[in-house]
Amino acid sequence: MPITFKAGNKINSSEITPEEVFNRRREFLSAAGFTMGAAAIGISPWSDVGAAVPELGAISQWSGSTTEKQTPWTQATTYNNFYELGTDKGDPARNADRLVTDPWSVEIEGECGKPGTYTLEDILKPHANEERIYRLRCVEAWSMVIPWAGFPLGDLLKRFEPNSKAKYVQFQTIIDKERLPGQRYPVLQWPYVEGLRIDEAMHPLTLMAVGMYGKNLPNQSGAPLRLVVPWKYGFKSIKSIVRISFVEKQPDTSWNLSAPREYGFYSNVNPDVSHPRWSQAKERRLDGDTKGLAALFSKKRDTEMFNGYAEEVAGLYTGMDLKTNF
Ligand code: MTE
């Protein structure tokens, strides 16, 4: 995701990306005459890197899946945004082993009847996994089609008995400044936080994902637990969740804190609301046909309202001005 630095927070990508890789990228880009922004798509080395990922158990098929061509595993797991592991698209796979996911627990707090610390096993045990093939559209104007495995977030949240003051839910990613290389730099305020209105969180499309492509999530994709909110820009799909808070007031979210003019709380995919620095009307699908240089010149497709999930979710926003509440 392109970042707007606040004064005093400036950091060169040479400090985040290993120097050799950074220099190679820079040489390649200047030889090809590209700007960093235009080259954000398709230049990561799409080799299979990162930690080995075990198989996931039985998964049932979900009937609402898209039948569009899927993004290959290698592309989906080596072209990532996970700033805790670095800001280059290849960094999360390269640094995947910096994230320790065992043991893992999730803190449940706020307006609910059953707050407490739950082990990963407590969290996962009662839920059967479904495979749901969802589109995920990044605010950077590329999209992927991924077979996620997981269960409706609402089924998990209901177990903690949210009360009538629980109007929103906030999620928080692990903080580990010793091990996670990105957290040594103030590119965002750490920990990464995201939020949903309670009805968005309870919507049956909102997935608590534990796997993809029939395997457990690899670390770079947000192991062991991440959200997938398919009608919102990808940054709402927070990774490696360690805290869930039921709250009365609209909670802070990392990108909104970082650049409020550019990233709103709702962040619904909307071709009619441009990002202040680029249009959101079109997108490039990363589907394996469009890797490397070809991705830069591949044909763009029209972005759909709510990323194509309008029939299911438009009702959540009846009466709201989606330009103001972007
Ligand atoms: N979650 C955390 N904790 N840190 C991040 O940097 N990046 C977000 C989101 N979740 C991010 C995160 C952004 S900008 C996007 S587009 C998606 O993850 C990307 O998910 P993917 O890399 O698995 O495709």
Practice task
Restricting attention to the range 70-84, report how many residues are in a loop (DSSP other than H, G, I, E, B) and near the ligand (Cβ under 6 Å from one of its atoms).
Solution key: 3
Handout entry: The one condition in (1) among the charged types (D, E, K, R); (2) part of a loop (DSSP other than H, G, I, E, B); (3) under 30 Å from HIS127 (Cα atoms); (4) more than 10 Å from the ligand (Cβ to nearest atom) that LYS239 fails to fulfil
Key = (4)
Practice task
Would you mind stating whether ASN270 is closer than 23 Å to THR78 by Cα and at pLDDT 95 or above?
Solution key: no
Exercise for the section: State which residue is nearest to LYS165 (Cα to Cα) when the search covers only the range 96-114 and only residues that are surrounded by fewer than 18 Cβ atoms within 10 Å (Cβ to Cβ) and of a type in the set (Gly, Ala, Ser). Expected result: GLY113
Problem - Residues of the range 165-191 that turn out to be within 14 Å of the ligand (Cβ to nearest atom), more than 14 Å from LEU85 (Cβ to Cβ) and touching a strand residue (DSSP E or B) at 6+ places or on another chain (Cβ under 6 Å), as a count - result: 3
Practice task
Can you confirm whether the range 284-296 contains a residue that is farther than 21 Å from GLN75 by Cβ and not in a loop (DSSP other than H, G, I, E, B)?
Solution key: no
Handout entry: Pair list, Cβ < 9 Å and 6+ apart or interchain, from the range 115-139 residues that are surrounded by fewer than 16 Cβ atoms within 10 Å (Cβ to Cβ) to residues that are modelled with pLDDT under 95 and part of a loop (DSSP other than H, G, I, E, B)
Key = ALA128/ALA58
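The values are calculated or read from the model by the stated rules, or taken from the named source; none is laboratory data. Remember, it's a predicted structure, so these values are computed and weren't measured experimentally. Note that we place each Cβ from the backbone using ideal geometry, even for glycine, and neighbour counts take in every protein chain shown.
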